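So the structure is just underneath, and the comments pick up after that.
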Amino acid sequence: MGTINSAFSLMSQALDADQAALNIVANNVANASTTGYTEETPNWQENQPVEIDGVSYGTGATETGATSVRDKVLEQRLDQQQQLASASSARLTALDSVQALFTPDSGSSSSTAGDIGSDLTSFFSSFSSLEANPTDNSDRQAVLSSAKTLVGDISNAADSLNSQRSALDQEAAGVTSQVNSLTNAIAQLNLQIQSTSPNSDAGTLEDQRQQDLSQLSKLVGINQITTENNGLEITTTSGQLLVADGSSSQLTTGTVDGMTHFFVGTTDITSKLASGGGELGGYLTARDQDIPDVLNSLDQLAYSVSTSVNALNNTGTDLDGVTGTVADPLYIFNEPAAVAGSASAMSVVMTDPNQIAAAGTGDGTGDNSNASAMANLASQAIVNGQTPTDYYSNLVSTLGSTVSQVQTENTAQNASVTQLQTQNDALSSVNLNDEASSMTTLERSYQAASQVFTMLNTIMASALNLGDQTAVS
Amino acid sequence: MRVDPNYVTNLVSSLDQTQLTEQQLTSELSSGVAITSLSQNPVASGENVLLLNQIQQDDSFTQTSSLVTGQLQVADSTLGSVVTELTQAISLATSANNGTVNSNDVQSISNQISGILDEVQSLANTSYQGQYIFAGGQTSTTPFTTSTATSPAVTTYNGDEDINYLETPNGQKIQLNVPGNQIFTGSGSNSVFAALNSLVADYSTGTVNTSQAVNDTEALNTALNYVSQQRVTIDNSITQLGAASDAVSSEQTQLTTAQTNLMQADVAQVSTQLSLSETQQTALEDVIAQLNSTSNDLFSKLPS
């Protein structure tokens with residue numbers, strides 16, 4: 001009787017265990033579409049066998065709970081790649097807006113408006129026309145109007161770049177609050193995880209922490225260090241502590257030179273964040289490196305063209321026989337004081353076309369030697385050792401190369417993220433076919449245990465009836 | 001080995017990529033432009049700036065040169081008229097010098113040469129679009145004025161010796177004007193006006209100092225030859241300008257072809273790519289439809 005009873009208890013344990021395992025499968029199925037959910041598998045443990053008279057008797061199995069199917073190394077690798085991909089995505093978006101200001105001119109006459117390269121050529125060509133007819137009013141007007149077109153397009157481009165820079169600044173500043181709320185949440189989760197499961201995977205809590213980490217990785221470049229009792233320490237890529245187990249350091253912002261800078265405590269980590277990765281890294285790289293590069297080039301172009309043309313015009317003789325002086329200079333453009341800011345401040349100050357000094361110093365007003373000299377500026381190395389057109393051509397191809405390079409980087413990084421994501425999903429995502437198969441197996445196991453239970457019941461009845469079939473059924 | 005159960009998501013992102021390609025190709029076809037942003041081809045974008053610069057310069061020079069040619073032709077035909085007038089003056093002077101004409105006729109010849117002098121002076125003061133063409137750089141000052149206070153009268157040049165040049169896109173300099181003093185008041189016996197003024201004075205009294213008159217006629221003859229020489233300078237400029245303009249036009253044609261090849265879409269190639277992309281899109285859609293049908297799920301095979 002004793003062995004029959006123990007067989008009964010063994011079977012009821014088996015039924016319990018199967019139910020618990022089915023519960024886990026049901027939970028997996030229910031969470032198949034939950035973002036960040038990691039598939040759980042039931043843990044089975046063989047009960048301690050009993051030894052009687054040297055014979056070992058099995059005592060069944062117990063379901064001891066669920067384990068999340070997780071590869072922390074893979075997850076961390078995914079986070080790191082995500083940081084790179086987010087950085088290049090954010091930078092690429094910013095650069096796309098920048099290069100939209102310099103759309104290549106297809107060469108048809110309708111598209112020449114707004115192209116700085118064409119404007120430069122038109123401006124210097126207008127001096128060539130004036131060279132042929134130095135006293136002609138319409139040719140003089142043409143010089144001023146092409147100067148205005150050039151100035152309009154250069155200063156528009158500079159203004160647009162400046163406003164794109166401000167927009168990036170705001171977006172970067174907006175990331176701060178998201179980063180802070182995520183680091184806060186991770187610190188809270190650290191505390192819960194350390195208290196509930198210091199030695200093993202924390203399941204759903206760990207899922208939440210991983211999801212927060214992946215969010216944080218999209219925003220900012222981070223390093224993760226696992227500490228004792230399943231805690232986690234997070235630093236920026238450059239090593240600034242953001243989360244230490246249960247406490248988090250807030251990222252704060254302040255304005256330095258008109259741009260938002262980022263601080264942890266009193267340390268300015270802006271330039272480190274720029275190279276660190278994440279959206280913030282991308283925004284800051286575009287804001288502090290890419291756009292200023294283009295702006296500087298435009299400034300240099302505006303500065304050199306303005307000062308060279310002004311200097312020549314000031315030494316010649318205008319249509320009224322006047323030569324410019326220090327006190328009363330004959331300037332076509334406003335004379336820039338410094339290179340920085342020249343592009344957006346560039347303007348045409350001359351209103352009277354007669355003031356264009358086509359004639360050389362001391363020559364009659366019908367002379368064209370100064371107009372000729374100004375036309376020749378187009379082929380002289382007046383901008384950083386290059387002709388204006390060569391300089392602009394370089395600006396355009398340098399910008400194009402940068403965008404193209406970031407595009408390539410971004411494509412490669414996204415492919416890598418996809419690949420890692422696929423690997424991670426292959427491991428941790430809920431596969432419904434797997435669940436269906438597990439469920440069938442567990443169901444069968446449950447049915448089998450029930451069958452054994454029924455048989456044991458029959459055996460028990462036979463034993464109770466001592467062979468008489470009718471007493472107990 | 002387990003596989004990623006979310007493969008349909010990956011296929012959808014491939015589908016997005018295909019559609020992006022199709023969009024790009026369609027816009028190339030509709031605009032005819034292959035490079036719509038710098039990053040598509042940074043080198044070609046930079047090259048394009050340089051090509052367009054050269055094309056625009058050439059275009060502008062072609063327009064300028066046709067205007068300038070007009071001005072040079074006016075100068076040339078003016079000098080042609082001057083030559084005709086001077087030839088007539090010489091034949092009048094020769095007839096006065098041969099001693100067969102009476103004093104009335106000599107005075108009449110003096111008046112006729114005086115008329116020619118006025119005519120030549122007005123030709124020398126020719127303006128084009130309001131600017132005197134034989135005044136050097138002083139194009140707003142009447143270049144030649146005559147003072148009759150003395151005998152012979154004196155014609156003065158009020159312009160300067162400034163010469164304007166037009167530079168072609170290739171750097172060649174073409175002379176645009178000849179200062180009036182070079183043509184009409186050249187030094188010594190080259191001066192048209194001095195010779196004409198002297199002749200008018202020689203014949204004004206009706207009595208001819210033959211040796212003086214013959215010398216002055218000789219001087220006018222020399223001056224005429226000198227004017228013809230100066231005219232050659234202008235003719236040369238017209239020829240140079242024509243040649244430069246032709247060269248620039250043919251360069252412009254070549255550059256435009258190069259620029260078109262660089263920037264324009266190759267319709268046949270783009271169409272082929274578009275067609276390939278469309279096939280790929282259809283295939284992807286079919287695969288997704290197949291994979292996504294619920295009958296492939298193991299759950300659907302379980303007894304209900």
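With segment A:45-161 as the region, which strands (runs of 3 or more DSSP E) entirely inside it contain at least 1 residues that are under 29 Å from the mean Cα position of the chain (by Cα) and within 13 Å of chain B (Cβ to nearest Cβ)?
none
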Within the group A:Asp328, A:Asp299, A:Asp290, which residue is closer than 30 Å to A:Thr252 by Cβ, in the same structural domain as A:Ala359 (by TED's automatic domain parsing) and not hydrophobic (A, V, I, L, M, F, W, C)? A:Asp290
Scanning segment B:41-62 for residues that are facing chain A (nearest Cβ under 7 Å) and aliphatic (A, V, I, L, M), which turns out surrounded by the fewest Cβ atoms within 10 Å (Cβ to Cβ)? B:Val43
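Among A:Ala412, A:Ala461, which is of a type outside the set (Asp, Glu), free of Cβ contacts under 8 Å to residues at least 12 places away in the same chain and either assigned to a helix (DSSP H, G or I) or at the interface with another protein chain (Cβ under 10 Å from one of its Cβ atoms) (or both)?
A:Ala412
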Which residue is farthest from the other protein chains (Cβ to nearest Cβ), if the candidates are limited to segment B:63-78 and must be touching a residue at least 60 places away in the same chain (Cβ under 8 Å) and in contact with a helix residue (DSSP H, G or I) (Cβ under 6 Å, 6 or more places away or on another chain)? B:Asp76
Of these, B:Gln212, B:Gln112, B:Gln121, which one is modelled with pLDDT under 90 and part of a helix (DSSP H, G or I)? B:Gln212
Run down A:Leu319, A:Leu284 and say which single residue is assigned to a loop (DSSP other than H, G, I, E, B), buried (at least 20 other Cβ atoms within 10 Å of the Cβ) and touching a Ser or Thr at 6+ places or on another chain (Cβ under 7 Å). A:Leu319
Has segment A:111-128 got any residue that is among the polar types (S, T, N, Q) and without any contact (Cβ under 8 Å) to a residue 12 or more places away in the chain? yes
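Have a look at B:Thr256, B:Thr272 and point out the one that is outside any loop (DSSP other than H, G, I, E, B) and within 14 Å of chain A (Cβ to nearest Cβ). Spell out how you get there, then give the answer.
Numbers: B:Thr272 fails: within 14 Å of chain A (Cβ to nearest Cβ).
Being outside any loop (DSSP other than H, G, I, E, B) and within 14 Å of chain A (Cβ to nearest Cβ) holds for just one of B:Thr256, B:Thr272, which is B:Thr256.
Do the conditions hold for A:Ser372, that is, is it under 28 Å from B:Gly171 (Cβ atoms), touching a Ser or Thr at 6+ places or on another chain (Cβ under 9 Å) and either at pLDDT 95 or above or surrounded by fewer than 23 Cβ atoms within 10 Å (Cβ to Cβ) (or both)? Before you say what the answer is, go through the steps one by one.
On the way: under 28 Å from B:Gly171 (Cβ atoms): yes; touching a Ser or Thr at 6+ places or on another chain (Cβ under 9 Å): yes; either at pLDDT 95 or above or surrounded by fewer than 23 Cβ atoms within 10 Å (Cβ to Cβ) (or both): yes.
So A:Ser372 passes the test.
Does A:Ser138 fit the bill of being modelled with pLDDT of 95 or more, in the same structural domain as A:Asp293 (by TED's automatic domain parsing) and surrounded by fewer than 18 Cβ atoms within 10 Å (Cβ to Cβ)? Give the steps one after another, and end with the answer.
On the way: modelled with pLDDT of 95 or more: no; in the same structural domain as A:Asp293 (by TED's automatic domain parsing): yes; surrounded by fewer than 18 Cβ atoms within 10 Å (Cβ to Cβ): yes.
Answer is no for this residue.
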Does A:Gln405 satisfy the condition of being farther than 24 Å from A:Val25 by Cβ and part of a helix (DSSP H, G or I)? yes
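Residue-wise test of (1) of a type outside the set (A, V, I, L, M, F, W, C); (2) assigned to a loop (DSSP other than H, G, I, E, B); (3) at pLDDT below 95.
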{"residue": "A:Ser304", "(1), (2), (3)": "yes, no, no"}
{"residue": "A:Pro329", "(1), (2), (3)": "yes, yes, yes"}
{"residue": "A:Ala340", "(1), (2), (3)": "no, yes, yes"}
{"residue": "A:Asp367", "(1), (2), (3)": "yes, yes, yes"}
When residues of segment B:21-31 are limited to those that are of a type outside the set (Asp, Glu) and more than 8 Å from chain A (Cβ to nearest Cβ), the one surrounded by the fewest Cβ atoms within 10 Å (Cβ to Cβ): B:Ser30
Across segment A:164-202, what is the total count of residues that are in contact (Cβ under 8 Å) with a residue 60 or more places away in the chain, among the polar types (S, T, N, Q) and in contact with a Leu (Cβ under 9 Å, 6 or more places away or on another chain)? 4
Quickly run through segment A:225-239 and pick out the residues that are surrounded by fewer than 20 Cβ atoms within 10 Å (Cβ to Cβ) and within 17 Å of A:Gly278 (Cα to Cα). A:Thr235, A:Thr237, A:Ser238, A:Gly239
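Tell me which residues, restricted to segment B:282-294, are surrounded by fewer than 17 Cβ atoms within 10 Å (Cβ to Cβ) and assigned to a helix (DSSP H, G or I). Full working, then the answer.
Taking segment B:282-294 as the starting set, the residues that turn out to be surrounded by fewer than 17 Cβ atoms within 10 Å (Cβ to Cβ) are B:282-283, B:285-294.
Once the filter is applied, which keeps residues that are surrounded by fewer than 17 Cβ atoms within 10 Å (Cβ to Cβ) and assigned to a helix (DSSP H, G or I), segment B:282-294 yields B:Thr282, B:Ala283, B:Glu285, B:Asp286, B:Val287, B:Ile288, B:Ala289, B:Gln290, B:Leu291, B:Asn292, B:Thr294.
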Segment A:375-409 - residue that is surrounded by fewer than 18 Cβ atoms within 10 Å (Cβ to Cβ) and among the small types (Gly, Ala, Ser) and, of those, nearest to the other protein chains (Cβ to nearest Cβ): A:Ser401
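The values are calculated or read from the model by the stated rules, or taken from the named source; none is laboratory data. Owing to the predicted nature of the structure, the values given are computational and were not obtained by experimental measurement. Positions of Cβ are backbone-derived with ideal geometry, glycine not excepted, and every protein chain shown enters the neighbour counts.
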